[in-house]
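Beneath this line is the structure, given in structure tokens, with notes to follow.
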Amino acid sequence: MIYFDNAATTLRKPKAVEDAAARAVGTLASPGRGAYSAAADAAETAYKCRALAANYFNVSSPESVVFTFNATHGLNIAVNALSKRGERMVISGYEHNAVLRPAAALGAALAAAQGGLFSHREAIQAFDRALTNTTRVCVVNHISNVFGFIQPIEKIAEMCRDRNIPLILDASQSAGAAEIDFDALGAEFIAMPGHKGLYGPQGSGLLLCRDAERAIPLLYGGSGSGSKLVDMPMDLPDRLEAGTLNMPGIAGLYEGLKFVASEPRILRHESNVLNYAADGLALNPRIKLFRNSAPGLQSGVLSFIIHGIDCEAAAERLSERGIAVRAGQHCAPQAHLTAGTANTGTIRASFSAFNTLAEADVFVNAVSEISRE
Amino acid sequence: MSPLTTYLIMCKNQTAALRLADYLSGKGFYASLTRPPAGITGGDCSFAVKVAERQLIQALAALNESGLRHGKVYAYFPDGRTQLTNA
């Protein structure tokens, strides 16, 4: 199978990730629950993962690195902590349902800073207008999961800092590929999955937190500390980690972090594969590409439409040819509204560190065949 | 005091204790994570870093220099008794 759905999850992992996760089952007990070696080993593994993440993302202390089950979990924690019913939440035009749905459930008053696709200038202008003095919180998708649009988060973060507006960054598509400096951005929370660009197992994720006092638990339960307290402990990470941790996931995530930390050119590689594939698709007049080859605007996520062929049908035909892509709304209806693809959806090919130009060749030929059917 | 007396540097949670232990180990101290006896914690779940008696003063000085915060410090005798110190 040629796997081009890495924006959903990276299917191919470094071998060390698979080995660590498999080894953890049966050897790592629950950290903080006992004094025996299997619990101590689990505690050590969890700590090393936090410490490496803190170093990689420039977080001042490992305690500020909270384990989650995915980015959605982390975003729900963050949105729940910083939003209130009826109060203004500024978002970009490209947010995922992992932001839109908890915001809707909370009754936040959403205001979308909508700029055109692949335009940093328009995005900055839109945020400048949207970040008013009544804004309670700003939530930004670093890289769109539909179009790969890399938003100007440094500038947006600067505006938030200047206006004293807490920022939540959705790093679902950027963690492990693009640079994220937690300290420099000054974000209140940064949520990321472990199983996409960090090449960890599914069921893993990280939430980087600035201030324990702003951390409101989403789950209440055992934390391995302060058991006599009725409330969750006040300190991070325990405050936001109720229940047993996913130790196979964390063990694998630790290896994934080591992999991305040692491979600084992953985003460049993904962009190169994308550009190679897009150059092939661009020769076909029946294909509409959502692409911008200027540096710094697009990650390894490529959406396109084949004129006259439903996107789901096209994805099915690619699957029959052994090529895995995603089609439809991609859980991000806001992005499609912004880009004008709400009625059609798109076919999305998303690349990883393990995809090759040879695979891109097969893909382009297959799309070409399908477009003639 | 018995040479087997150790000291427990209390921490707010396991991660904080591991961070302290990691820091002290990096500085050349023998420091390990431990769960303090119930006599100190009142039966609550807690974590501490155990250090040898003769390294305590320097270990605390190193922590003070690092800015890493910690809780109370207890002497932990071989017979299981504990005693709060002024450290």
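Restricting attention to region A:238-268, the residues that are surrounded by fewer than 20 Cβ atoms within 10 Å (Cβ to Cβ) and under 15 Å from A:H73 (Cβ atoms) add up to 3. I'm trying to understand the selection: among the residues of region B:57-87, which are under 12 Å from B:I9 (Cα atoms), out of contact with any Leu (no Cβ under 7 Å at 6 or more places or on another chain) and of a type in the set (G, A, S)? Result: B:G71, B:A75.
The residues of region B:42-55 that are out of contact with any Pro (no Cβ under 8 Å at 6 or more places or on another chain) and under 10 Å from B:L8 (Cβ atoms), listed by number, are B:V49, B:K50, B:V51.
Among A:T72, A:T68, which is in contact with a Gly (Cβ under 7 Å, 6 or more places away or on another chain), assigned by TED's automatic domain parsing to the domain that holds A:A215 and hydroxyl-bearing (S, T, Y)?
Residue meeting the stated conditions: A:T68.
Somewhere in region A:273-290, is a residue hydroxyl-bearing (S, T, Y) and farther than 28 Å from A:A314 by Cβ? Within region A:273-290, none of the residues are hydroxyl-bearing (S, T, Y) and farther than 28 Å from A:A314 by Cβ. Against the numbered list (1) closer than 26 Å to A:S225 by Cα; (2) of a type in the set (A, V, I, L, M, F, W, C); (3) touching a residue at least 40 places away in the same chain (Cβ under 8 Å), A:A43 comes up short only at (3). The condition (being buried (at least 23 other Cβ atoms within 10 Å of the Cβ) and in the same structural domain as A:Q173 (by TED's automatic domain parsing)) is satisfied by just one residue among A:G224, A:G300: A:G224. Taken as a whole, the structure leaves A:A78 outside the set of residues that are assigned by TED's automatic domain parsing to the domain that holds A:A215, under 27 Å from A:E263 (Cβ atoms) and modelled with pLDDT of 95 or more. Restricting A:Q202, A:Q173 to those that are assigned to a loop (DSSP other than H, G, I, E, B), surrounded by fewer than 24 Cβ atoms within 10 Å (Cβ to Cβ) and in contact (Cβ under 8 Å) with a residue 40 or more places away in the chain reduces the list to A:Q202. Take the conditions (1) within 14 Å of another protein chain (Cβ to nearest Cβ); (2) surrounded by 24 or more Cβ atoms within 10 Å (Cβ to Cβ); (3) farther than 25 Å from A:L11 by Cβ; A:D231 misses just one of them, which is (2). Selection of first residues in region A:350-366 that are basic (K, R) and outside any loop (DSSP other than H, G, I, E, B) and of second residues that are crowded, with 19+ Cβ neighbours inside 10 Å and at pLDDT 95 or above, restricted to Cβ pairs under 6 Å at least 6 apart or on distinct chains, gives an empty result. For the criterion of being within 19 Å of A:R214 (Cβ to Cβ) and part of a loop (DSSP other than H, G, I, E, B), A:I190 fails.
The values are calculated or read from the model by the stated rules, or taken from the named source; none is laboratory data. This is a predicted model, so every value here is computed, not measured. Here Cβ is always computed from backbone atoms with ideal geometry, including for glycine, and neighbour counts include all displayed protein chains.
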